Amino acid sequence: RSESPLGAFWQTPDGLTCILLRNGFFLTTLLNRPAWWIAAKMVVLLEVFFSQVILFKCLLITENGHSCSIVGMYSHMYLQVHTVHTSLALKSSIFFLKFPNKCYISQISTGQKWRQRRRMLTPTFHFSILTEFLEVMNEQAEILVENLQKQAGKGRFNCFNHITLCALDIICETAMGKKVYAQSDSDSKYVKSVYKMTEIISRRQRMPWFWPALIYYYFGEGKEHDKTLHVLHSFTYKVIHERAETMSSIESDNENEDGSKKRRAFLDMLLQTTDEDGNPMSHQDIQEEVDTFMFEGHDTTAAAMNWAVHLIGSHPEVQKKVHEELHEVMGKSVRPFTVDDLKKLKYLECVIKEALRLFPSVPFFARVLLQDCQINGFKVPKGVNVLIVPYALHRDPRYFPEPEEFRPERFLSENSVGRPPYAYIPFSAGPRNCIGQRFAMMEEKVVLASILRNFTVESCQTREELIPVGDLILRPENGIWIKLEKNSV
């Protein structure tokens, strides 16, 4: 080990060099070594230096087993400079070993395929179209409230699955136009397969000896993985083909028998989407996007809502302000939330943003450098994988004083003046940011407002007891335990 004005340097006898820069960067140069060697060395080394950030342990092997170089970024300055120059525009593939089954295909596609898909998909996430999904969100939030009523006044319980099943119901109906009734039938084959797949992938992610496909399929859960994936893909395949067959009737008849307007799903818009030459998307292309939307769109929002419930229940003064705002906007009405109502819930939006600052649903993501660049005096070559860690980035005391404190007021407009845009990136940033972030914010507002309109929440865990775990998303190891009391009318 040696010291320099820039940071501390380590080099193992085997030739592994690590640099911990004083401004919070972590840079490791991996030589041309076998995948198993790098995994073993890095797991041990990172356990020592990042024991509180367990997200670094198993991220150094590409899907084809090749080793790679990685840079960890915690400073908004470099994110901003290099995003402007698009040198970080390419999504990294090293983290998608965890999903080699094409459930995240639109997130790992690159080049012309990604650009074409993004252009085609962007109009489907326009705010005017998202408002059509509000009715589904209100309905599913009402079912959630009915389920939570059974727990009110009966002591502590784990709310994590309740909220997650609500998010799954919302995403299935808005993405595919198909009800799966997850909240009333959590034992259905499809619902169980969704959670089983998440567990299988999370376990493999934490076991680098199972990263090579051959070992995984002979000695791990490879066969079970494929069996579960088949259930998921068969379901979406069937829904897509059924929906495609009925598209002509949907286009000619926009009303139900009772005169209400027929709901459009994300899938309906994909079936009508064409490229610049007028060519429609193939059913395979559509399935890739629906699978991505399904898996990225329910677990992430569910985790965000659960973290927010814990934080609100831990801070009575914040909860009181949310209750007051809801009363001001909704009064004693029990009607569903409208778009105008959601716009008025300014403080609740600040609460959600602050929860995402402390517990970003996606605690790390990656990019590949498309050109050489300088980082704090070090030349970082083209082709290096850059790991961006919002979990650390959001705790920069220069922009978030006392960063571990939960203070929604940080995001009031007057308190956000002068804050660099890349200091807060819960939905990533740049051209490959989250295309569904407006959908997520709308869903979180509706569900949290529905809960807090009906209940007072009391958290039963301290922050230290939560133990955040970086699996596919950032989730609490032991769930979110709360008590509920019904609000007086």
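The values are calculated or read from the model by the stated rules, or taken from the named source; none is laboratory data. These figures come from a predicted structure and were not determined experimentally. Here the Cβ positions follow ideal geometry from the backbone for every residue, glycine too, while neighbour counts run over all protein chains shown.
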Exercise. Out of the residues in the stretch 408-424 that are touching a residue at least 40 places away in the same chain (Cβ under 8 Å) and not in a helix (DSSP H, G or I), which is nearest to ASN306 (Cα to Cα)?
Worked result: TYR424
For this session: Can you work out which of the residues in the stretch 338-361 that are crowded, with 22+ Cβ neighbours inside 10 Å, under 16 Å from VAL447 (Cα atoms) and not small (Gly, Ala, Ser) is farthest from the chain's Cα centre (by Cα)?
Result: LEU345
Exercise. If you go through the stretch 401-423 one residue at a time, do you hit one that is closer than 17 Å to THR300 by Cβ and touching a Lys or Arg at 6+ places or on another chain (Cβ under 7 Å)?
Worked result: no
For this session: State the number of residues belonging to the stretch 364-406 that are small (Gly, Ala, Ser) and under 21 Å from the mean Cα position of the chain (by Cα).
Result: 2
Exercise. Any idea which residue in the stretch 385-407 is modelled with the lowest pLDDT, counting only those that are crowded, with 21+ Cβ neighbours inside 10 Å and assigned to a loop (DSSP other than H, G, I, E, B)?
Worked result: VAL389
Exercise. Within the stretch 301-343, which residues are polar (S, T, N, Q) and in contact with a strand residue (DSSP E or B) (Cβ under 9 Å, 6 or more places away or on another chain)?
Worked result: ASN306, SER314, GLN319
For this session: Scan the stretch 425-452 residue by residue and report those that are among the β-branched types (Val, Ile, Thr), in a helix (DSSP H, G or I) and in contact with a Phe, Trp or Tyr (Cβ under 6 Å, 6 or more places away or on another chain).
Result: VAL446
For this session: Give just the number: which of (1) surrounded by 20 or more Cβ atoms within 10 Å (Cβ to Cβ); (2) in contact (Cβ under 8 Å) with a residue 24 or more places away in the chain; (3) of a type in the set (Gly, Ala, Ser) does ALA182 not satisfy?
Result: (2)
Seminar exercise, completed: Looking across the stretch 453-489 at residues that are under 22 Å from ASP299 (Cα atoms), of a type outside the set (A, V, I, L, M) and not in a strand (DSSP E or B), the single one that is modelled with the lowest pLDDT is ASP471
Problem set entry | Complete set of residues in the stretch 362-384 that are in contact with a Ser or Thr (Cβ under 9 Å, 6 or more places away or on another chain), surrounded by 20 or more Cβ atoms within 10 Å (Cβ to Cβ) and of a type outside the set (A, V, I, L, M, F, W, C) | ARG367
Exercise. Among the helices (runs of 4 or more DSSP H) contained in the stretch 88-187, which hold 2 or more residues that are of a type in the set (A, V, I, L, M) and modelled with pLDDT under 90?
Worked result: 105-108, 111-121, 127-130, 160-176
For this session: Check HIS310, HIS327 and return the single one that is within 23 Å of VAL145 (Cα to Cα) and touching a residue at least 12 places away in the same chain (Cβ under 8 Å).
Result: HIS310
Exercise. Looking at PHE235, is it at pLDDT 85 or above, among the aromatic types (Phe, Trp, Tyr), in contact with a strand residue (DSSP E or B) (Cβ under 8 Å, 6 or more places away or on another chain) and over 18 Å from THR300 (Cα atoms)?
Worked result: no
Exercise. Within the set of pairs 6 or more residues apart or between chains, which connect a residue that is of a type in the set (D, E, K, R) inside the stretch 155-170 to a residue that is surrounded by fewer than 24 Cβ atoms within 10 Å (Cβ to Cβ) with Cβ atoms less than 6 Å apart?
Worked result: ARG156/CYS460; ARG156/TRP481; ARG156/LYS483; ASP169/GLN183
For this session: Please name all residue pairs, on different chains or six or more residues apart, with Cβ atoms under 9 Å, provided the first residue is in the stretch 425-451 and is at positive phi and the second residue is outside any helix (DSSP H, G or I) and of a type in the set (Phe, Trp, Tyr).
Result: SER428/PHE365
For this session: Just give me the residues in the stretch 152-187 being under 21 Å from the mean Cα position of the chain (by Cα) and more than 19 Å from ILE482 (Cβ to Cβ), in sequence order.
Result: LEU168, ASP169, ILE170, ILE171, CYS172, GLU173, THR174, ALA175, MET176, ALA182
